[in-house]
Every structure is written in structure tokens, then in C-alpha cells.
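The values are calculated or read from the model by the stated rules, or taken from the named source; none is laboratory data. Owing to the predicted nature of the structure, the values given are computational and were not obtained by experimental measurement. Don't worry about glycine lacking a Cβ; one is built from the backbone with ideal geometry, like all the others, and counts go over all protein chains shown. SASA here: full protein model, heavy atoms, side chains in, ligands and nucleic acids out. Shrake-Rupley method; radii C 1.70, N 1.55, O 1.52, S 1.80 Å.
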Amino acid sequence: MDNLHNKLLALDGKGYKAYKAIAGTYTFPTFTLSIDHVQGDPFATPSRISVSVDANKAAFPHDLWQTEVRRVALEDFLGRAIRHAIGRFVKGRRGSGGSGEFHISTSRQQVLVRNAVLVSKDNIEARFTLGLPAQGRRAAGREAVSMFINELPKVINAALYYQSLDSQQIRQHIHSVEDQDALRHWLQEAELVAFVADGALLPRASGVDDRPLCKDALLFKAPESLARTVTLPNAGEVRGLGIGHGVTLIVGGGFHGKSTLLHALERGVYNHIPGDGRERVVTIENAVKVRAEDGRAISRVNISPFIDHLPFGRDTVAFSTENASGSTSQAANIIEALECGTQLLLIDEDTSATNFMIRDKRMQALVADDKEPITPLIHRVRDLYQQHGVSSVIVMGGSGDYFDVADTVIMLDAYQPHDVTEPALALARPITPTITPVKAFDEPVSRRPDADVLNPARANREVKINTRGVNDLLYGEHHIDLSQVEQLIDIGQTHSIGLMIYYFSQHYATTGENLIGITKNDGRHTAPRARYFQSV
Ligand code: ADP
Ligand code: MG
């Protein structure tokens, strides 16, 4: 520590580049500091540091991190504790550019596996960034002394030592996450694809604010006929709505909460923090929200189960376009979800292409089937389940045609769910089915990207992978717009996608493997402890 102190005083007032000399490792009374990367100027990407606390001294009881799910929950908790301590002890801006700022990446309403805090039997490591302070373009060494010698130890002592934290709160956090994991595992034995517990609070503060709606939110309550009960390891018995395999429709009047329920299901692949309201809303982990995404690019996707004999004999078995329509994009999104091994599709009429969803009797009478390239989802959704084991939850307030293909129909009335399966199926029966037989659903063909399109180079950099927000991935020369991938929630995920594509390009691109198969099978990928990537 004294060594760092002296170095910082010595470089005070020198050119900013003088900071390069502080890279290295320093021993503090309560932790070890490693300065891993020193920024080139005050406006550049901030410097990266990591801090390691001896596990015996941090003294977190063993049972708080003994299983993987508990460890992830504890790591998440500690990341939030550091962020909180930064808010409390760090002065912040101390000069030009990013001078004086500390930052650690944490999740928001969800609990994600991330590498900002890593707990192991030997130590607790936290990685964050800081803006080394400058006056103009000169190193402000004295300010840096305040940051490293004064602020940093306060942050670490307040956040990474068990005795400084509220042990009740830690346990509550860990127990909640553990229950959510147990609930998701239980879905399989209960033969369900999703579960929404009684008391869940689904609406959000606003379209751009994922926190719970605080005022006038009506809590969820499952109708008796669809209710299931589960015993969770910590919370004990919990009752709620069980959504079974097959095709489930969510119907109801406009503004009665249909999309809100579907959005909650979309996020059911993640665990949530206590107090979020969706802690006991879970889906199977491979559930995929699928929507129309006109304007997207498609590359050699077999959309022929949905779209066939296009004008001018255009191929749909390996369909490519730079600019897809609503229906072709939605078809491609479904096929890609199947390629990824989904067993649950989540679809909302609000974000679907109408001609992809339905084609009613009158339209069939007017436009002969052989003149219509689109086989709407309504003709496919049962095959998807019966031949491929892929269930669907579809929000459909506008067409009763789907009653023909539904197993369960849930109506939302003033935000409360009702089981209307019987009356809906009774309505379906007397009417001649709108379902016309269609040829069998092809297995998706395996695709693999060409090695040369995965080139991560841009300008004079060999590897340039960057993110501008959750929805924006820059990979080499490519600009990838992820704004319609509604289950993507964190910029760290976006960055990781870029890094995984890069990893694939380095290790597999020329081996004939396909990208999806590899990310599922490569043990190296599933090792979250690897220090392969920088903290994101
Ligand atoms: P729909 O898709 O049926 O048209 P939405 O799901 O978009 O309806 O919901 C309409 C409005 O009602 C939204 O502003 C939403 O936040 C609110 N809302 C949804 N569920 C609840 C609830 N349980 N309690 C209070 N407000 C809700
Ligand atoms: Mg809606």
C-alpha cells in the first residue's frame, strides 16, 4: 500500500501516461489490490482493477456458497453491496473525463451469473473499473491517493466482509434465488412449462422501467381448475397457475393484462431479486419469445414449413434476405428458436404479423391456398407440439380460430385469470375446422456461419468487439441490432454474445461444427469461473 501511495505522489502533475507505472499488485491491510489495466487518457475506457479478500477473513459461512446456485446468489448480492458502498463512500468526479468514478457491473431486477464478483473457498474477488483522476491531461496523483488509500478500503470493508453486512438480508436473497431454481426444476417433474404463483406482481413501473408497478397493482391468483401446489426448499408450500405442455391461449379484452402476463413469462427464464414481484414466475429455461421483426437479415434459414412457393420460385429451404418482411422474419425467428432447442414458444399478437398467425375462411375462399405462400402458425402449432414436443403460449385476443388448436384457454378479466377452456373448446366444435392438413414439419437443417464473416477485425484493430447498450453489438465491421430480442436484458450478455462468436471463430469456424451445437456442448464454455474474458 505504501508503495502505491509513494508512486501516486511521485507522478502527481506529470503527463497522464505516467500512470502506466502503477500497474501491478499491492497488499492492503484487508485485501490485495491488482491494477490490471491502466487507461491511456482520462477520456478513454476506464482502468480495470481487481480486489481479492482472503475467504477466512471475509468469513462468509460455508452454507452461503456451498452449491452453485447459492454461490451465484451470494456473488450477485456482493456485487450489489459494492455498488451501494461506492454510492456511500466514493466522492465521484474528481477532474476531467471519467476522473474519480468507480464502477462495478451488477444486474438489475434479475440475478445473472457474472464475473464481477467471484466467490471461492480461498478468496472473494471483485473486479471493477475506475477513472484515474486528471487535471486537464495531467495525472492528479494526490486525488488518486484519496481514491485508492481512502475510498477503496472503505468500499471493500463495507461490502466484502460478512460482519459488515446484514446477514438476514443475505439469507433472504440466497433462499429466494434457490427457491426459484428449485421451482424451475420442478416444472419438469410436474409436466409444466411455466408457473405463476399466487401473489405474484406482474405489471412493471413503465415500458422502460423493469421495476414493479407500486400503485394499484392487482396480485395474481390462479383459478382453482389450473392451480398446482409445490413445496419449495425455503418458502415451503406455494400455490399458483401451472401451464401445462401443449398449446395455451391467453385471451381477454384489450388492456386486461394479457401482454403483461406474457412479458412476465418471457422473464421467467431468469431468477429475480426479492421484492421484484416475479420471484415465483418461472418458465422452463429454454423458453423463447418470438415476434415479427421486419427489416432483419436472414441467412440460409429453412422457413419452408411456414413459407413456400414464393413468387419467381424463390428458395425458402435456405432462405436469405437482407430485409425480411413481418411474416418471413417471424418464421425465421421460430425456426432459429427450434435450432436452439427451445421447448416453449411465447408469442403475442401485439408483436406478430397477422398473416403469419391466421388466415380465415373468407380469405381462404378468395385467395386459393396455392397462391398463398404462407402457412400460418395456426396450422403448425399442433405439429410443433405433437411431432417436436414444442409447447406454445400465445396471446390472442383477436381471433377465435385458435380455439381449434388449443389445449388450454386462459382468460384475463381485469387482470385476473380464469380457466375458459371448456366454453372455448365448445365454441370450436360446431364450426368446421379452419385447419387444413399440411405437409410434415421438416427438421431444421443445421447451418454454420462462414469463417470469413466472423472476422472480428475493424480498422487497424485485429479484434474489435463492442457494445453500445443492451441492443447494440458491434462485431468487427458488423453492426448487430438486437433490439427485438426481448429476453436480452443486460449489456454484459450482449458483450458475451460477441465474445462467444469470437471464441467460436477462433476454435471451431473451420472445423465444420455449428455455432449452436458447440455452445451447448463445449465444456469450456460452460465453465463460468474461467478468467478467459475480461470483466463485463
Ligand atoms: P393487454 O395486452 O391485455 O391489452 P396489457 O398487459 O398491455 O393488456 O396491460 C394493460 C395495462 O394494465 C398496462 O398498463 C399494465 O401495466 C396494466 N396491468 C397489467 N396487469 C396489471 C395488474 N395485475 N395490476 C394492475 N395493472 C396491471
Ligand atoms: Mg397486449
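For PHE403, work out the one condition from (1) on the phi < 0 side of the Ramachandran plot; (2) more than 16 Å from ligand 1 (Cβ to nearest atom); (3) not in a helix (DSSP H, G or I) it doesn't fulfil.
Every condition holds for PHE403 apart from (3).
Across the range 353-375, which residue is farthest from GLY253 (Cα to Cα) among those that are away from ligand 2 (no atom under 16 Å from the Cβ) and touching a helix residue (DSSP H, G or I) at 6+ places or on another chain (Cβ under 6 Å)?
ILE374
Taking the range 81-105 as the region of interest, how many residues are surrounded by fewer than 19 Cβ atoms within 10 Å (Cβ to Cβ) and either outside the structural domain of GLY40 (by TED's automatic domain parsing) or under 14 Å from ILE170 (Cα atoms) (or both)?
Number satisfying all stated conditions: 0.
Within the range 1-19, restricting attention to residues that are within 13 Å of ARG137 (Cα to Cα) and aliphatic (A, V, I, L, M), which residue is most open to solvent (accessible area, probe 1.4 Å)? I'd like the intermediate steps shown before the answer.
First pass over the range 1-19, keeping only residues within 13 Å of ARG137 (Cα to Cα): 11-19.
From the residues that got through so far, the ones that are aliphatic (A, V, I, L, M) too are 11, 18.
Numbers: LEU11: 9, ALA18: 32 Å².
So the residue we want is ALA18.
Give the number of residues within the range 493-507 that are open to solvent by less than 30 Å² (accessible area, probe 1.4 Å) and either over 21 Å from ARG458 (Cα atoms) or of a type in the set (Ser, Thr, Tyr) (or both).
Number of matching residues: 3.
What residue, among those in the range 400-425 that are open to solvent by less than 50 Å² (accessible area, probe 1.4 Å) and over 30 Å from LEU219 (Cβ atoms), is nearest to ligand 2 (Cβ to nearest atom)?
Looking at the filtered set, the residue picked out is ASP401.
Do we have ASP350 as away from ligand 2 (no atom under 16 Å from the Cβ) and either assigned to a helix (DSSP H, G or I) or under 26 Å from GLY295 (Cα atoms) (or both) here?
no
List pairs: first in the range 260-282 and farther than 13 Å from GLY199 by Cβ, second acidic (Asp, Glu) and assigned to a loop (DSSP other than H, G, I, E, B), Cβ under 7 Å, 6+ apart or cross-chain?
Every condition considered, the pairs that remain are GLU266/GLU486; VAL269/GLU285; HIS272/GLU279.
Among the listed residues GLU339, GLU322, which satisfies the condition of being away from ligand 2 (no atom under 16 Å from the Cβ), over 28 Å from PRO203 (Cα atoms), in contact with a helix residue (DSSP H, G or I) (Cβ under 6 Å, 6 or more places away or on another chain) and open to solvent by 30 Å² or more (accessible area, probe 1.4 Å)?
The conditions single out GLU339.
Out of GLY136, GLY141, GLY87, which single residue is under 30 Å from LEU11 (Cβ atoms), at pLDDT 95 or above and either of a type in the set (Phe, Trp, Tyr) or out of contact with any Leu (no Cβ under 8 Å at 6 or more places or on another chain) (or both)? Walk me through how you get there before you give the answer.
Details: GLY136 fails: at pLDDT 95 or above; GLY141 fails: either of a type in the set (Phe, Trp, Tyr) or out of contact with any Leu (no Cβ under 8 Å at 6 or more places or on another chain) (or both).
Selected residue: GLY87, the only one of GLY136, GLY141, GLY87 that is under 30 Å from LEU11 (Cβ atoms), at pLDDT 95 or above and either of a type in the set (Phe, Trp, Tyr) or out of contact with any Leu (no Cβ under 8 Å at 6 or more places or on another chain) (or both).
For the range 342-366, what are the residues that are open to solvent by 50 Å² or more (accessible area, probe 1.4 Å) and either at positive phi or of a type in the set (Val, Ile, Thr) (or both)?
THR354
Residues to consider are ARG447, ARG382; find the one that is modelled with pLDDT under 85 and closer than 23 Å to VAL290 by Cα.
Details: ARG382 fails: modelled with pLDDT under 85.
Every option except ARG447 fails the conditions.
Can you tell me how many residues within the range 154-175 are open to solvent by 20 Å² or more (accessible area, probe 1.4 Å) and part of a helix (DSSP H, G or I)?
Number satisfying all stated conditions: 12.
For residues in the range 231-247 being free of Cβ contacts under 8 Å to residues at least 60 places away in the same chain, away from ligand 1 (no atom under 16 Å from the Cβ) and surrounded by 13 or more Cβ atoms within 10 Å (Cβ to Cβ), which is nearest to ILE284 (Cα to Cα)?
GLY242
Can you spot a residue in the range 294-302 that is within 16 Å of ligand 2 (Cβ to nearest atom), farther than 30 Å from GLN169 by Cβ and exposed (fewer than 15 other Cβ atoms within 10 Å of the Cβ)?
no
Yes/no matrix, rows are residues, columns are (1) assigned to a loop (DSSP other than H, G, I, E, B); (2) more than 30 Å from the chain's Cα centre (by Cα):
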{"residue": "VAL51", "(1), (2)": "no, no"}
{"residue": "VAL69", "(1), (2)": "no, no"}
{"residue": "HIS84", "(1), (2)": "no, no"}
{"residue": "LYS91", "(1), (2)": "yes, yes"}
{"residue": "SER99", "(1), (2)": "yes, yes"}
{"residue": "ASN115", "(1), (2)": "yes, no"}
{"residue": "GLU125", "(1), (2)": "no, no"}
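Return only the number of the condition from (1) of a type outside the set (D, E, K, R); (2) open to solvent by 10 Å² or more (accessible area, probe 1.4 Å); (3) at pLDDT 95 or above that PHE195 does not satisfy.
In the conditions (1) of a type outside the set (D, E, K, R); (2) open to solvent by 10 Å² or more (accessible area, probe 1.4 Å); (3) at pLDDT 95 or above, PHE195 misses (2) alone.
Please go through the range 20-40 and give me each residue that is farther than 19 Å from HIS5 by Cβ and open to solvent by less than 50 Å² (accessible area, probe 1.4 Å), ordered by number.
If the condition is that a residue be farther than 19 Å from HIS5 by Cβ and open to solvent by less than 50 Å² (accessible area, probe 1.4 Å), then GLN39, GLY40 are the ones that fit.
Name the pairs whose Cβ atoms lie under 7 Å apart, with the first residue in the range 206-221 and over 10 Å from GLY277 (Cα atoms), the second within 16 Å of ligand 2 (Cβ to nearest atom) and of a type in the set (Lys, Arg), and 6 or more positions between them or separate chains?
These pairs meet every condition: ASP210/ARG204.
What are the pairs with Cβ atoms under 6 angstrom where one residue, in the range 158-177, is among the β-branched types (Val, Ile, Thr) and the other, located anywhere, is in a helix (DSSP H, G or I) and crowded, with 22+ Cβ neighbours inside 10 Å? Sequence gap at least six, or different chains.
Close Cβ pairs satisfying both conditions: ILE170/PHE77; ILE174/ALA73; VAL177/ALA73.
Sort out which residues of the range 209-230 are open to solvent by 40 Å² or more (accessible area, probe 1.4 Å), in a strand (DSSP E or B) and closer than 22 Å to ARG184 by Cβ, and write them in order of number.
Correct list: ASP210, ARG228, THR229.
State whether one or more residues within the range 254-263 are open to solvent by 40 Å² or more (accessible area, probe 1.4 Å), away from ligand 2 (no atom under 16 Å from the Cβ) and not acidic (Asp, Glu).
Pass one, the range 254-263, residues open to solvent by 40 Å² or more (accessible area, probe 1.4 Å): 254-256, 260, 263.
Imposing the further condition that a residue be away from ligand 2 (no atom under 16 Å from the Cβ) reduces the set to none.
For the range 254-263, residues open to solvent by 40 Å² or more (accessible area, probe 1.4 Å), away from ligand 2 (no atom under 16 Å from the Cβ) and not acidic (Asp, Glu): absent.
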